[in-house]
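The values are calculated or read from the model by the stated rules, or taken from the named source; none is laboratory data. Here the structure is a predicted model, which means the values were calculated and not measured. No Cβ is skipped: glycine too gets one built from the backbone with ideal geometry, and neighbour counts run over all protein chains shown. Heavy atoms of the whole protein, side chains included, go into the accessibility calculation; ligands, DNA and RNA do not. Shrake-Rupley method; radii C 1.70, N 1.55, O 1.52, S 1.80 Å.
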Amino acid sequence: MDNHNINIRVYLDNEKMPEHIQWNAGETENPQHAKAMILSLWDGSEKTALRIDLWTKKMMVDEMNDFFFQTLMTLADTYGRATRNSELPEEMKAFAREFKNKADKALLEE
């Protein structure tokens, strides 16, 4: 059986808050840097999602808005490919666009 590793390293500050996130996959030696991450795993025996959500203090609100918009759009695509359902992914994308518009508007009102 072939296998590959995905490595995630989280550096914490003195207050145990994420300061920096690095990751690499496979044989790549040079780590990539990230300001935020969402990791979701499905436990089939418990029928529950396990997740880790982390973001650094350097993550700005406008970046978080973009991150969530792009994540929602990607989830819609993934759901469509996994289920071959074409209707629901379009509804998810419509929600993502509405979310992004409202998030951007809220940011301008601050």
Subset of region 31-66 [open to solvent by less than 100 Å² (accessible area, probe 1.4 Å), closer than 24 Å to ASP13 by Cβ and of a type in the set (A, V, I, L, M, F, W, C)]: ALA34, ALA36, MET37, ILE38, LEU39, ILE52, LEU54, MET59, VAL61, MET64
Residue that is nearest to SER40 (Cα to Cα) [pool: residues in region 78-110 that are surrounded by 13 or more Cβ atoms within 10 Å (Cβ to Cβ) and in contact with a Pro (Cβ under 9 Å, 6 or more places away or on another chain)]: TYR79
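When you look at ASP62, is it without any contact (Cβ under 8 Å) to a residue 60 or more places away in the chain and assigned to a loop (DSSP other than H, G, I, E, B), yes or no?
Answer is no for this residue.
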Residue check, ASP2 exposed (fewer than 11 other Cβ atoms within 10 Å of the Cβ) and part of a loop (DSSP other than H, G, I, E, B): yes
Selection count where residues are within 25 Å of LEU75 (Cα to Cα) and open to solvent by 100 Å² or more (accessible area, probe 1.4 Å), scope region 12-30: 1
